[in-house]
Amino acid sequence: MAITRLLVAVFLLNACTLSVQAFSFGQDIDQDIHNAAQHYQVSEEMLRGLVKMEDGWYGKGSPTGALGVGQFTQKTWNWLAQTVRGQALGMQLITPSNRGTKSDPRHHHRTNTYATALLARWHLEQFALRGIKPTDVHLYLAHNIGLEGLHRAILGRANAEDIRNMRLNGMRHGMSVAQFLAYQGQRYRLHKHIANNRIHLNEQNYAWVTPKSAVKNQAIFWIDPQSTPLVWVDPK
C-alpha cells in the first residue's frame, strides 16, 4: 500500500511538472514569433500553433519542397517576396542557384517567421473580401493548402488539383474534403494547445478510422494515445 501511494505521488508530481514546462522553439524564434505577430497584427497564439504544426523550425523539409520556419514552397515565397510588404521585409528570391542550398533565403529564421506572419495578415484581409470566417484554423488551412484551395473546399468546389495538394499535406485514404478539413483543424488545435499552454502530449499518435456506413457522423476520427501507459490505482 505504501509503495502504491509513493508511485501515485511520483506520477502526480511528474504530471504537474509536465504541465508547467514551457514549450519553446528556441529563444530567438520565440522572440521572432512574438515580434512578428505584433508587427503584422496577428494572433501570437495562432502563429505559434502554425509554426508548431508546420514542424520546420529546426530544418525539416517537406515532400512538397517547402522549407523553413513557415514551410514555404518556392512559388509562395517568391510571390510574397515580390509584394510591397515582402520587399519591405527584405525577402530575397529563391533562384535555381540557391534553391535547397544553405543560401536558400527560406533558411533565414527571422525572415521566414516574419514572412509567415505577413502571409497570415494577407490571408485575414482576403478572408474579409471572400466572406471566410477569420478563425485560427482557417488561417492555418489557408497556409497549408492555399487561400483559393481553402475557399473552394469550404464552398464544396474542390478540384482535382486541390485534392492532390491535400494528399500531399496529410489527407488520409478514404477521407472526403470535409473530413480532411476537420482532421487538419483538430491536429492544428492540438499543436496550438501544446505550443501555447505548455502541456506536452504525444501529438504524433493519430489513427484515422475509415468511416463506415453505420456511422452517422462521417467527420469523426480517433486520436489514439498509443504511447501513454494507463495505471489503475485500486482504492483500499
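The values are calculated or read from the model by the stated rules, or taken from the named source; none is laboratory data. Small disclaimer: the values here were computed from a predicted structure and weren't measured. A quick note on method: Cβ atoms are made from the backbone with ideal geometry, for glycine too, and the neighbour counts reach across all protein chains shown.
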* Do the conditions hold for TYR140, that is, is it over 14 Å from TYR40 (Cβ atoms) and either modelled with pLDDT under 95 or of a type in the set (Ser, Thr, Tyr) (or both)? -> yes
* Within the stretch 135-174, work out how many residues are in contact with a Gly (Cβ under 9 Å, 6 or more places away or on another chain) and over 17 Å from HIS123 (Cβ atoms). => 4
* **Residue in the stretch 149-189 that is farthest from LEU47 (Cα to Cα), counting only those that are of a type in the set (Gly, Ala, Ser) and surrounded by 20 or more Cβ atoms within 10 Å (Cβ to Cβ)** => ALA158
* Asked: For the stretch 124-172, which residues satisfy the criterion of being of a type in the set (Phe, Trp, Tyr) and free of Cβ contacts under 8 Å to residues at least 60 places away in the same chain?
  -> PHE127
* Asked: Do we find that GLY146 is crowded, with 16+ Cβ neighbours inside 10 Å and among the small types (Gly, Ala, Ser) in this structure?
  -> yes
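Go over the candidates ARG99, ARG121, ARG110, ARG85 one by one and state the one that is touching a residue at least 60 places away in the same chain (Cβ under 8 Å), basic (Lys, Arg), over 21 Å from TYR188 (Cβ atoms) and surrounded by fewer than 19 Cβ atoms within 10 Å (Cβ to Cβ).
Answer to the check: ARG110.
Would you call THR73 hydroxyl-bearing (Ser, Thr, Tyr) and under 15 Å from TYR188 (Cβ atoms)?
no
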* In the stretch 62-93, the residues that are under 20 Å from ASN169 (Cβ atoms) and aliphatic (A, V, I, L, M) -> ALA66, LEU67, VAL69, LEU80
* **Every pair of residues 6+ apart whose Cβ atoms lie under 9 Å, when the first sits in the stretch 53-71 and is within 20 Å of THR95 (Cβ to Cβ) while the second is modelled with pLDDT under 90 and charged (D, E, K, R)** => SER62/ASP55; LEU67/LYS60; GLN71/ASP55; GLN71/LYS60
* **Residue match in the stretch 38-51 (condition: surrounded by 17 or more Cβ atoms within 10 Å (Cβ to Cβ), hydroxyl-bearing (Ser, Thr, Tyr), at pLDDT 95 or above and part of a helix (DSSP H, G or I))** => yes
* Asked: Which condition number in (1) surrounded by fewer than 13 Cβ atoms within 10 Å (Cβ to Cβ); (2) within 18 Å of GLY68 (Cα to Cα); (3) not acidic (Asp, Glu) is the one that THR116 fails?
  -> (1)
